[in-house]
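**Q** The structure under discussion is supplied below as structure tokens; questions concerning it will follow.
Values in this text are rule-based calculations from the coordinates and carry no lab data. Everything numeric here is computed off the predicted structure, so don't read it as measured data. Glycine gets a Cβ as well: all are built from the backbone with ideal geometry, and neighbour counts include every protein chain shown.
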Amino acid sequence: MADFMKAMVCRGPNAYGLEDVPAPKILEPGDVIGRVLLASISGADLAIVRGGIPEIRYPLIPGHEFCVEIVETGPAVKKLKVGDRVVVSCVACCGECWYCRQGLSARCQKAGYGAFGMRGPEGCQAEFVRIPGADVYCFKFPESLTPKDVLFCGDVLSAGYFAAEMAEIQCGETVVVVGAGPVGLCAMTTARLWSPSRIIAVDTSPFRLEAALKAGVADLALDPAKDNVLEAIRELTGGFGADRTIECAGRQITFDIAFSAVRGGGKISTVGIYEKPLSLPLNTAWGTNISLSWGFAPIDRLPGLIRLIEEGRINAAFLCTHQVPLNDILRGYEIFGSRKENCLKMLITPWER
Ligand SMILES: [Zn+2]
């Protein structure tokens, strides 16, 4: 392996670009080095390069949604070998600390672990990446699948699935998903596994709503800028409201819709990234027996998601609207960041020499 590699480096708010940096090396016995096969740019990456996440320490290599081919393994690695193609959880977790043993991998307390390209190891927007404790959260994918098929398992698909799972959908119910970004679209994709009678997508982007209908992950689309969303949902449900609402945007307005659209005794699940505190209408909702769940997807859903994709039960490939090689990652950030060109997901393919 070469001593240097190309990587996207962010040195501070709005100070970022491609650089030649030292290639990662095995530092601990449980490490592997992976050659990045496919990565993505996410909304969190945009916030990092723009300085929107105050606790971030710079410089760093961003990126946390990725697949690699393993090119080197440390002496303590047992399950993985050179040549394996794996999808990696967006959060590095040790599997041994108290939180990891409770299944709360996102709370892993081990130093140097945590979300790739944020608080944990260096991220994946590079040619190579060091993956500490890799046995715990790297999952092989079968020959029949491509990196594009499984890329989202490590982040947005896990999040969307977890949102649908927390909603506890019962057969024949009406599910409303508020926010049709990548996580919301993944929540719709996986909500079908619980056999609801209908899935309703709510968003103000006509393109996202169209994508949901075209992919068949939603049966109906409502745009709060044009439609009376609450009235439409009540009309469809005999005046009751949705059985389950899934909030995937993290804004006050989307939360208000999720809360107002659910019927008494229904359930709200939420996996939005909340940039500031939100207020809940507890004064009006206290007598309605609505329940609410939220949280970060644990890593143990990942192998099941790979199997569901392999069996053709779920398919999130419709999110792959754009891709650029690592050489053009700045253009990728520009397109994804400006929300131009109707970009759902921006994929980063390997450096082209
Ligand atoms: Zn841990």
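**Q** What distance in nm separates the simple spin-label points at VAL82 and PHE240, each placed 7 Å from Cα in the Cβ direction?
**A** Placing both labels 7 Å along Cα→Cβ, they lie 6.0 nm apart.
**Q** Can I ask one more? To the nearest 0.05, what FRET efficiency results for MET1 and ALA111 with a Förster distance of 25 Å applied to their C-beta separation?
**A** On the way: r = 26 Å, r/R0 = 1.03.
So the FRET efficiency works out to roughly 0.45.
**Q** Report relative contact order for segment 65-133 in percent, whole number only (criteria: Cα-Cα under 8 Å, sequence separation at least 6).
**A** Numbers: 106 pairs, mean separation 16.3, N = 69.
Dividing the mean separation by the residue count of segment 65-133 yields 24 percent.
**Q** Further, regarding this structure: For segment 45-131, just say rounded, prolate or oblate: build the C-alpha gyration tensor, square-root its eigenvalues into a ≥ b ≥ c, call rounded for a/c under 1.5, and beyond that prolate if a/b exceeds b/c, oblate if not.
**A** Values: a/c = 2.27, a/b = 1.23, b/c = 1.84.
Verdict is oblate for segment 45-131.
**Q** Can you give the extra length, in nm with one decimal, that the chain gains between ARG307 and CYS171 once fully stretched, where that is 0.36 nm per residue apart less the Cα-Cα distance?
**A** Details: separation 136, 0.36 × 136 = 48.96 nm, distance 2.23 nm.
Between ARG307 and CYS171, full extension yields 46.7 nm more.
**Q** Among GLY266, GLY51, GLY114, which residue has its Cα furthest toward the positive end of the charge dipole of the chain, with +1 on Lys/Arg Cβ and -1 on Asp/Glu Cβ?
**A** Looking along the dipole axis, the top candidate is GLY114.
**Q** With 5 Å bins from zero, work out the P(r) of segment 157-294 over every alpha carbon pair and list the percent per bin.
**A** Going from the shortest bin to the longest, the percentages are 2, 12, 24, 26, 23, 10, 3, 0.
**Q** Here's something else I'd like to know. Show me 185-196, 42-53 ranked by packing, highest mean number of other Cβ atoms within 10 Å first. Write down the numbers at each step before the final one.
**A** Details: 185-196: 23.5, 42-53: 18.4.
Order by mean packing, descending: 185-196, 42-53.
**Q** Give, in whole angstrom and from largest to smallest, the semi-axes √(5λ) of the equivalent ellipsoid of the chain, with λ running over the eigenvalues of the Cα gyration tensor. Intermediate results must be reported in sequence, preceding the final value.
**A** Working: eigenvalues 252, 88, 73 Å².
One finds semi-axes of 36, 21, 19 Å for the chain.
**Q** Still on this structure: Any idea what the relative contact order of the chain is, in percent, if you count C-alpha pairs under 8 Å spaced at least 6 apart? Present the calculation step by step, with values, prior to reporting the outcome.
**A** Details: 823 pairs, mean separation 57.5, N = 353.
The normalised contact order for the chain reaches 16 percent.
**Q** Calculated from DSSP H runs of 4 or more alone, at -39500 (n - 2.57) each and per residue, what is the 222 nm mean residue ellipticity of the chain, nearest 500? Write out the running numbers ahead of the final one.
**A** Values: 11 runs with 87 residues, N = 353.
So the calculated ellipticity at 222 nm is -6500 deg cm²/dmol.
**Q** Let me ask something else about it. If you take every DSSP beta bridge fully contained in segment 157-294, what fraction is antiparallel? Give it as a percent rounded to 5. Numbers along the way, then the final one.
**A** On the way: 0 of 21 bridges.
Of the beta bridges lying entirely in segment 157-294, close to 0 percent run antiparallel.
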